[in-house]
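Following: one structure in structure tokens, then a few remarks.
Please treat every number below as a calculation from the coordinates, not as lab data. Keep in mind it's a predicted model, so treat the numbers as computed, not measured. Counting neighbours? That spans all protein chains shown, and the Cβs are built from the backbone with ideal geometry, glycine included.
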Amino acid sequence: MVGAGVTEELLGAGGIRDRVDGCLEDFLVAKSRRARARGLSTEIPRVLRDFLGAGGKRIRPLLCAVGWFAGGGTGPVPQAVVRVAASLELFHAFALIHDDVMDDSDTRRGVPTVHRAQAARRTAARGAGGTGGAGGTGSDAERFGLGAAILAGDAALAWSDELLHTAGLPPEQLMRVLPLVDAMRTEVVHGQFADLEATGNPGGDVEAALAVVRYKTATYTIERPLHVGAALAGADEAVRAVLSGYALPVGEAFQLRDDLLGVFGSGERTGKSRLDDLRAGKHTVLVAQAFRYADPAQRRVLHALLGRPGLDEDDAEALRGVLLATGARDRVEDMIRERRALALDALRAAGLPPAAAAVLRQLADTATVRPA
């Protein structure tokens with residue numbers, strides 16, 4: 001396939017993103033049919049269809065396909081590779097749904113988070129004369145919403161494994177991929193736990209905040225999907241090492257940009273409230289830089305307002321003022337630029353197929369230079 005054809009396969013209409021969405025839709029429709037045939041609720045498959053249909057950039061499936069071309073794959077992306085790529089997106093759904101529970105977030109992709117939507121569904125059912133449970137109180141609906149979201153996330157995790165194992169990979173191909181998927185899952189759990197431990201206890205430890213970035217985002221979002229795709233094409237560890245030289249700095253820059261957007265961005269663009277991270281007291285690199293360079297008065301503002309559950313927009317503006325005055329925002333912007341440059345340098349030296357390299361260059365731009 002010529003370079004233009006590869007680019008169309010990756011980014012064009014009917015390309016990998018559309019094929020992955022079709023695969024996920026078919027898979028979840030089948031889950032609904034089987035549940036209905038057994039007299040079971042179809043709510044969990046419906047929740048996941050709605051969640052996936054609400055948006056998402058499909059970065060992980062795209063990178064899996066890019067990795068396949070980078071590893072030597074040729075011709076149209078095989079359906080087995082598409083199914084593996086779709087399994088990565090379903091795993092991502094699991095991670096996001098549970099992340100929203102842990103962060104007590106209200107919105108994701110511009111719509112209510114799964115636990116909020118399920119709590120509202122419970123309340124509506126009670127108001128319409130539904131039965132079950134005592135009362136119909138807010139706390140009952142909230143408990144139901146949390147439980148339903150946890151189960152939806154559990155289903156997404158289990159079904160991502162099912163998609164992988166039923167992708168139609170030959171045994172030797174599956175054996176090359178499984179250790180990489182296992183590593184990805186372990187890394188994201190460790191990264192999430194580190195984030196959970198640090199939340200509510202922010203400080204000036206930039207390296208600790210960066211460690212969360214590496215495991216929660218850089219390896220999981222960029223590096224491992226590329227590795228999985230390359231392994232599907234039969235690439236060895238040397239190729240994966242080359243891909244890591246690009247992936248890790250881009251992944252870090254991607255999360256650093258997310259941290260900035262989470263505080264300074266527009267909720268209409270990001271699909272999430274820009275108060276969430278501040279209310280939670282997230283120990284992001286942005287916050288760590290502020291603590292590191294704050295004077296005593298600025299530290300008092302940080303300690304007083306970060307992690308306050310009732311933080312409002314006025315409080316948030318006071319915090320943003322400190323983040324600007326300490327130079328934290330500018331330092332994070334510098335870190336993003338440095339990592340993007342490192343990634344592009346690694347890409348130039350990698351000797352990847354031109355079309356795969358072109359898509360990775362484009363991703364480095366869109367993932368790190370995003371409008372607020």
| If the chain between Asp104 and Asn201 were fully stretched, how many nm would it gain, using 0.36 nm times the residue separation less the Cα-Cα distance? | 33.2 nm
| message | Which residue fluctuates most in the GNM of the chain (Cα springs below 10 Å): Gly327, Gly67, Gly203? | response | Gly327
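Using Cβ counts within 10 Å as a stand-in for footprinting exposure, how do Tyr293, Tyr220, Tyr215 rank, fewest first?
Details: Tyr293 15, Tyr220 25, Tyr215 20.
So the residues, fewest neighbours to most, are Tyr293, Tyr215, Tyr220.
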| field | Volume in Å³ per residue [convex hull over Cα atoms, computed for region 240-372] | value | 105
| request: Diagonalise the Cα gyration tensor of region 332-372 and give the resulting equivalent ellipsoid semi-axes, square root of 5 times each eigenvalue, largest first, whole Å. | output: 20, 13, 4
| Listing Asp195, Asp182 from the residue with the fewest other Cβ atoms within 10 Å to the one with the most, what is the order? | Asp182, Asp195
| query | With contacts defined as alpha carbon pairs under 8 Å and 6 or more residues apart, what's the relative contact order of region 3-368 in percent? | reply | 20
| task | Just report the Cα centroid separation between region 277-310 and region 149-166, whole Å. | result | 36
| said: Using a Debye calculation, one point per C-alpha and no hydration shell, please list log10 I(q)/I(0) for region 85-239 at q = 0.11, 0.15, 0.16, 0.19 Å⁻¹ in order. | reply: -0.57, -0.89, -0.96, -1.14
| said: Spelling out what I want: for every residue of region 191-204, take phi, set θ = phi - 60°, compute 6.51 cos²θ - 1.76 cosθ + 1.60 (Karplus), and round to whole Hz; glycine and proline get x. | reply: x, 5, 5, 4, 5, 5, 5, 7, 5, x, 9, x, x, x
| message | Please compute the length gained on full extension between Leu324 and Leu40, using 0.36 nm multiplied by the number of residues separating them and subtracting their Cα-Cα distance. | response | 96.9 nm
| remark: Karplus ³J(HN,Hα) for region 155-164 (6.51 cos²θ - 1.76 cosθ + 1.60, θ = phi - 60°; Hz, whole; x = Gly/Pro) runs 5, 4, 5, 5, 6, 5, 5, 4, 4, 5
| note | Under the rule rounded for a/c under 1.5, else prolate if a/b exceeds b/c, else oblate, using alpha carbon gyration tensor axes a ≥ b ≥ c, region 3-368 is classed as oblate
| note | Once both label points are put 7 Å beyond Cα along the C-beta direction, the His165-Asp295 separation in nm becomes 6.1
| remark: For the Glu172, Ser273 Cβ pair and Förster radius 56 Å, calculated FRET efficiency rounded to 0.05 is 0.75
| What does the highest-first list of 81-89, 143-151 look like by mean Cβ count within 10 Å? | 81-89, 143-151
| request: Report, by chain and number, residues whose modeled amide H sits under 5 Å from the one on Arg108, excluding near sequence neighbours (fewer than 5 apart, same chain). | output: Thr113
| Which peptide among 358-367, 345-354 comes first, and what is the full order, when sorted by highest mean count of other Cβ atoms within 10 Å? | 358-367, 345-354
| said: If neighbour count is taken as other Cβ atoms inside 10 Å, put Trp159, Trp68 in order from fewest to most. | reply: Trp159, Trp68
